[in-house]
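*Asks:* Structure provided below as structure tokens; questions to follow.
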Amino acid sequence: MEGLIDLHIHTTASDGTLTPSMVVSLACQRGLKALAITDHDTVEGNKEAIEEGRQRGFKVIPGVEISCKHPLGEIHLLGYFVDWGSEILQKRLSQLRRYREERNPEIIRKLRGMGIDITYEEVKEVAGGGSIGRPHIAQVLKEKGYVFSNQDAFDRYLKKGAPAYVPKELLPVEEAIQLIKEADGIPVIAHPMQYRTVSTYGIERFIKELTGAGIEGIEVYYSTHSREDTATLLNIASRYGLLVTGGTDFHGEIKPGIEIGVGMGDMKVPYSLLERMEEVYGV
Ligand code: AMP
Ligand code: ZN
Ligand code: FE
Ligand code: FE
């Protein structure tokens, strides 16, 4: 089939600002042919999105984005076509969300210690019941006039090395890969150019190691990838026999400037990549 898709989208189930149904209707409106819901450490948004897709005759791929531990820092693993009803998957993910619940009040405590008037209640209200993350804290800081933007909040307070940073317990990447596979999903490394490994020992060694650990695909097309990044990753994917995927990492208003389907303006993820995934995995 012809057409374009977006396989990396956040909703209100984590730190996106649109509900799963709103995301599906927006993708329909923009003329996309399929999307995947990839919320941080939760599969909760999938049910609503799939139902909305069914009503509109629009293809929705179930997915998840798990924050993982790697020797050189946090990395993100995407899982596509996961059985989102899987008990093992849901249990493990709710444990990861509990780690977040331990970390978030700690961040608030640090901010309050710096004289900032913010409560965890306010953050929960902004998150609206979904998986809470630092972007929600950033949003409250912005609404209260402490920062100019989400990025400003990260730079001044929330990013690694900043004064209110608190590390979070993470699932080792090998375990996350196995978890996705146990839930019948396809494990794919998200936005691979974004990690410290790339500057430390290069993208090829990083991907080679992860291939040994069981990843089956690379997110080659991504909002912030340059043409050169994309070409490098396409070449590596082909040499290691990995699937090629792509998505914008759309978050709605939390990440202004990243639009569904097109990212910062000119991204194009062809439907044929999805057909290839389906062909290889018989889904
Ligand atoms: P958390 O799940 O609480 O660790 O927050 C993860 C979210 O924060 C992701 O959506 C990232 O896009 C965003 N994020 C992480 N680091 C930064 C950073 N340095 N600048 C801006 N956003 C960031
Ligand atoms: Zn996010
Ligand atoms: Fe990510
Ligand atoms: Fe993401």
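The values are calculated or read from the model by the stated rules, or taken from the named source; none is laboratory data. Since this is a predicted model, take the numbers as computed values, not measurements. Reconstructed Cβ throughout: ideal geometry from the backbone, glycine too, with neighbour counts over all protein chains shown. What goes into the accessible areas is simple: the full protein's heavy atoms, side chains included, and nothing from ligands, DNA or RNA. Shrake-Rupley method; radii C 1.70, N 1.55, O 1.52, S 1.80 Å.
*Asks:* Which of ASP117, ASP184, ASP41 moves the most in a Gaussian network model of the chain with Cα springs under 10 Å?
*Replies:* ASP117
*Asks:* Just the Cα atoms of region 151-283: what Rg and Dmax do they give in Å?
*Replies:* Cα-based Rg and Dmax for region 151-283 come out at 16.1, 48 Å.
*Asks:* Moving on. For region 117-190, what value does the Rg/Rh ratio take when both radii are computed over Cα atoms and Rh is the Kirkwood radius, given to two decimals? The partial results should precede the final answer.
*Replies:* Working: Rg = 15.8 Å, Rh = 14.4 Å.
On the Cα set of region 117-190, Rg over Rh gives 1.10.
*Asks:* Can you send over the carbon and sulfur percentage of the accessible area for region 13-157, probe radius 1.4 Å, protein chains only? It would help to have the intermediate numbers written out before the result.
*Replies:* Numbers: 3090 of 6480 Å².
About 48 percent, which is the carbon plus sulfur part of the accessible surface.
*Asks:* Pick out, in residue order, every one of the trypsin sites (Lys or Arg not before Pro) in region 1-50 that is DSSP loop and has at most 16 other C-beta atoms within 10 Å; say none if there are none.
*Replies:* Details: sites: ARG30, LYS33, LYS47; in loops: ARG30, LYS33.
When the trypsin sites (Lys or Arg not before Pro) of region 1-50 are filtered for loop state and at most 16 Cβ neighbours within 10 Å, ARG30 remain.
*Asks:* Quick one: of the DSSP bridges fully inside region 18-96, what percent are antiparallel, nearest 5? Write out the running numbers ahead of the final one.
*Replies:* Values: 8 of 12 bridges.
Counting DSSP beta bridges with both partners in region 18-96, the antiparallel share is about 65 percent.
*Asks:* While we're looking at this one, here's another question. Using alpha carbons only, how many degrees (0 to 90, rounded to 10) separate the axis of helix 87-113 from the longest principal axis of the chain?
*Replies:* The two axes meet at around 30 degrees.
*Asks:* Next question, about the same structure. Give me Rg over Rh for the chain, both radii from the alpha carbons and Rh done the Kirkwood way, two decimal places.
*Replies:* Details: Rg = 18.2 Å, Rh = 19.1 Å.
On the Cα set of the chain, Rg over Rh gives 0.95.
*Asks:* Turning to a different aspect of this structure: Can you tell me the accessible area per residue over region 138-283, all protein chains present, probe 1.4 angstrom, in square angstrom?
*Replies:* Numbers: 6920 Å² over 146 residues.
Computed with neighbouring chains in place, this is 47 Å² per residue.
*Asks:* Still on this model: Of ALA49, ALA213, ALA127, which is the most mobile in a GNM of the chain whose springs link Cα atoms less than 10 angstrom apart?
*Replies:* Judging by the Gaussian network model, the answer is ALA213.
*Asks:* Post the alpha-carbon centroid distance, region 74-125 to region 205-283, in whole angstrom.
*Replies:* 25 Å
*Asks:* While we're looking at this one, here's another question. What is the antiparallel percent of DSSP beta bridges lying wholly in the chain, to the nearest 5? Numbers along the way, then the final one.
*Replies:* Numbers: 14 of 31 bridges.
Counting only bridges with both partners in the chain, antiparallel ones make up about 45 percent.
*Asks:* Say the dipole of the chain comes from +1 at the beta carbon of Lys and Arg and -1 at that of Asp and Glu; which of GLY31, VAL126, ILE215 then lies farthest toward its positive end?
*Replies:* The residue sitting most towards the positive pole is VAL126.
*Asks:* Regarding region 1-104, what's the average projected area of the Cα-atom convex hull, expressed in nm²? Walk me through the numbers on the way to the answer.
*Replies:* Details: hull surface 30.2 nm².
Averaging across all directions leaves 7.5 nm² for the Cα convex hull.
*Asks:* Please identify, among GLU65, GLU44, GLU101, the residue showing maximal mean-square fluctuation in a Gaussian network model of the chain using a 10 angstrom Cα cutoff.
*Replies:* Maximum fluctuation in the GNM of the chain, among the listed residues, is at GLU101.
*Asks:* Given the -39500 (n - 2.57) contribution per DSSP H run of 4+ residues, what per-residue ellipticity at 222 nm results for the chain, rounded to the nearest 500 deg cm²/dmol?
*Replies:* On the way: 11 runs with 121 residues, N = 283.
The helix contribution divided over the chain gives -13000 deg cm²/dmol.
*Asks:* Could you give the size of the charge dipole of the chain about its Cα centre, using +1 on the Cβ of each K and R and -1 on the Cβ of each D and E, expressed in debye and rounded to the nearest 20?
*Replies:* Values: 33 positive and 41 negative charges, 123 e Å.
With Lys and Arg at +1 and Asp and Glu at -1, about 600 debye.
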